[in-house]
Amino acid sequence: MATFTMDADWLVFDRAPTRPTFSLPPGSVDAHCHVFGPGDVFPYAPERKYTPCDAGKDQLFALRDFLGVDNNVIVQATCHGTDNRAMLDALVSANGRARGVATVHPDVSHDELAEMHDSGVRGVRFNYVRRLVDPEPDEYYHRIVEKIAPFGWHVVIYFEAADLAERWSFFTSLETDVVVDHMGRPDVTQSVNGPAFARFLALMDEHENFWCKVTCPERLSVDGPPHYRDVVPFARRVVERFPSRVLWGTDWPHPNLRDYMPDDGAIVDFIPEIAPTPDLQRKLLVDNPMRLYWRDDE
Ligand code: 0GY
């Protein structure tokens, strides 16, 4: 049995979040969260760049119920590499209340993908953040897209704002739906009307297959908790401009934060700041994730 020790500077998720003031509408989806291990059951990948604390499916489902979320989208975390077993096990245990986003190698077989689809996987993630992975050439990702497209899956991309220009032509060559993590990680000390965020908004404007997760105020904010005020204009701009192509999520268990662990209750209370009307909230939390992840059931 493998045993793992979390990194010395690892911050463990908040085990006692506050109850949010905002009531999530029925059917709400946390469309960005992870499971880590437990490492003695689902070992962390040898090539990982961090070793987290264990944060398994039971803890995720307890948080789901506490916050008033109904469903989860569990995104494969880089600490598990292309070994999707922890995520798949969580999907199966969720009895239809979770969908997944996997990380796969281009040599993945059709049968493996079909099995993942049956378990609830509906997308793959391409990660370009160098502190998490060593990005591969475009050809590597094209080979994966050819294999997943027939399943109707989408691609989730995670990149730093500074890398968008360089990756633009590859990203925009994708014909599947494409979901951008954390609004493309804007520098929120810059103006929401500045050139960097304009480039991101243009990506969304010009490509109707692009979706955006308005997630991770705790990663982007300089002002910090509980209100993450400096992130609000960015997220609200995206929600109001692309109401039918936005997703929300907690990012539990919040990997790689250095200064503090967010209170997941405050992460829920951020929602009405960025989606101020019941109509925008229903689209963000229910209609959009249902259309992308549960379309087979509709
Ligand atoms: C996130 C963000 C991070 C980590 C990962 O898969 C991962 O390891 O995505 C990060 O460190 O910014 O979306 O959870």
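The values are calculated or read from the model by the stated rules, or taken from the named source; none is laboratory data. On a predicted model such as this, the values are computed, not experimentally measured, just so you know. Every residue, glycine among them, receives a Cβ derived from its backbone with ideal geometry; neighbour counts consider all protein chains shown. Note: accessible area is taken over every heavy atom of the protein model, side chains too, but ligands, DNA and RNA are not part of it. Shrake-Rupley method; radii C 1.70, N 1.55, O 1.52, S 1.80 Å.
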Checklist entry - Counting only residues 5 or more places away or on other chains, whose amide H sits under 5 Å from the amide H of TRP294 once H atoms are built in the peptide plane? => result none
Checklist entry - Cα convex hull of the range 29-297: mean projected area in nm², to one decimal? => result 13.0 nm²
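Multiplying the sequence separation of MET261 and ASP223 by 0.36 nm and subtracting their Cα-Cα distance, what value in nm do you get? Display every interim value, and only then the final one.
Numbers: separation 38, 0.36 × 38 = 13.68 nm, distance 1.44 nm.
Difference between extended and current length: 12.2 nm.
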Checklist outcome for this item: Among the range 214-250, those whose backbone N falls under 18 Å of a label point 7 Å along Cα→Cβ from THR189 are 217-225, 228-234
Item to check | Hz values of 3J(HN,Hα) by residue in the range 202-216 - Karplus curve (6.51, -1.76, 1.60), Gly and Pro given as x | outcome: 5, 4, 5, 4, 8, 9, 6, 7, 8, 10, 9, 8, 8, 10, 6
Checklist outcome for this item: Residue by residue through the range 111-123, the couplings from Karplus 6.51 cos²θ - 1.76 cosθ + 1.60 with θ = phi - 60°, in Hz, x for Gly and Pro, are 5, 4, 5, 5, 5, 5, 4, 4, 7, x, 6, 10, x
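Set the Förster distance to 41 Å, then compute FRET efficiency between GLU47 and ASN209 from the Cβ-Cβ distance, nearest 0.05. Kindly include the intermediate steps, with their values, before the conclusion.
On the way: r = 31 Å, r/R0 = 0.75.
Computed FRET efficiency for GLU47 and ASN209: 0.85.
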Item to check | Integer Hz, Karplus 6.51/-1.76/1.60 couplings in order for the range 148-157, x for Gly and Pro | outcome: 8, 4, x, 7, x, 6, 10, 10, 9, 10
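Evaluate the relative contact order of the chain (contact order divided by residue number), counting alpha-carbon pairs under 8 angstrom at least 6 apart; express in whole percent. Please list the in-between numbers first.
Values: 530 pairs, mean separation 64.6, N = 298.
Computed value for the chain: 22 percent relative contact order.
What percentage of the solvent-accessible surface of the range 175-276, computed with a 1.4 Å probe over protein heavy atoms, is contributed by carbon and sulfur atoms?
Details: 1610 of 3660 Å².
With neighbouring chains kept in place, the figure for the range 175-276 is 44 percent.
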Next on the checklist: Can you list residues from other chains, or at least 5 along the same chain, whose modelled amide H is less than 5 Å from the amide H of GLY27?
Outcome noted: ASP70
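Would you mind calculating the relative contact order of the range 1-72 from Cα pairs under 8 angstrom and at least 6 residues apart, reporting the percent as a whole number?
Working: 72 pairs, mean separation 33.9, N = 72.
The normalised contact order for the range 1-72 reaches 47 percent.
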Checklist entry - Within straight cross-link reach of LYS213, meaning Cα distance under 23 Å, which lysines are found once same-chain residues fewer than 8 apart are removed? => result LYS57, LYS283
Item to check | Diffusion constant of the range 212-298 at 20 °C, which comes from Stokes-Einstein with the Kirkwood Cα-pair radius and 1.002 mPa s, µm²/s | outcome: 160 µm²/s
Next on the checklist: How compact is the range 10-125 by the rule of thumb for globular proteins, expressed as Cα Rg over 2.2 N^0.38 Å?
Outcome noted: 1.08
Checklist entry - Cα gyration tensor of the range 185-230, axes a ≥ b ≥ c as square roots of the eigenvalues: rounded (a/c below 1.5), prolate (a/b > b/c) or oblate? => result oblate
Checklist outcome for this item: Residues meeting the amide H criterion for TRP211 (H placed from the backbone, H to H distance under 5 Å, 5 or more places apart or on another chain) are VAL178, VAL179, VAL180
Checklist entry - With a sphere of radius 15 Å drawn around the Cβ of GLU208, what net charge do the other residues whose Cβ falls strictly inside it have (Lys, Arg +1; Asp, Glu -1)? => result -1
Checklist entry - When ligands, DNA and RNA are left out and all protein chains stay put, how many square angstrom of accessible area per residue does the chain have with a 1.4 Å probe? => result 41 Å²
Item to check | Size of charge dipole - the range 29-297 - debye, nearest 20, with Cβ of Lys, Arg +1 and Asp, Glu -1, no other charges | outcome: 440 debye
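So for each of 159-171, 96-108 I average, over its residues, the number of other beta carbons within 10 Å; can you give me the resulting order with the highest mean first? It would help to have the intermediate numbers written out before the result.
On the way: 159-171: 14.8, 96-108: 19.4.
Descending packing order for the listed peptides: 96-108, 159-171.
Taking 0.36 nm per residue of separation and subtracting the Cα-Cα distance, what length does fully extending MET6 through SER173 add? Numbers along the way, then the final one.
On the way: separation 167, 0.36 × 167 = 60.12 nm, distance 3.85 nm.
That pair, MET6 and SER173, stretches by 56.3 nm at full extension.
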Next on the checklist: I'd like the distance separating the alpha-carbon centroids of the range 149-219 and the range 42-117, in whole Å.
Outcome noted: 23 Å
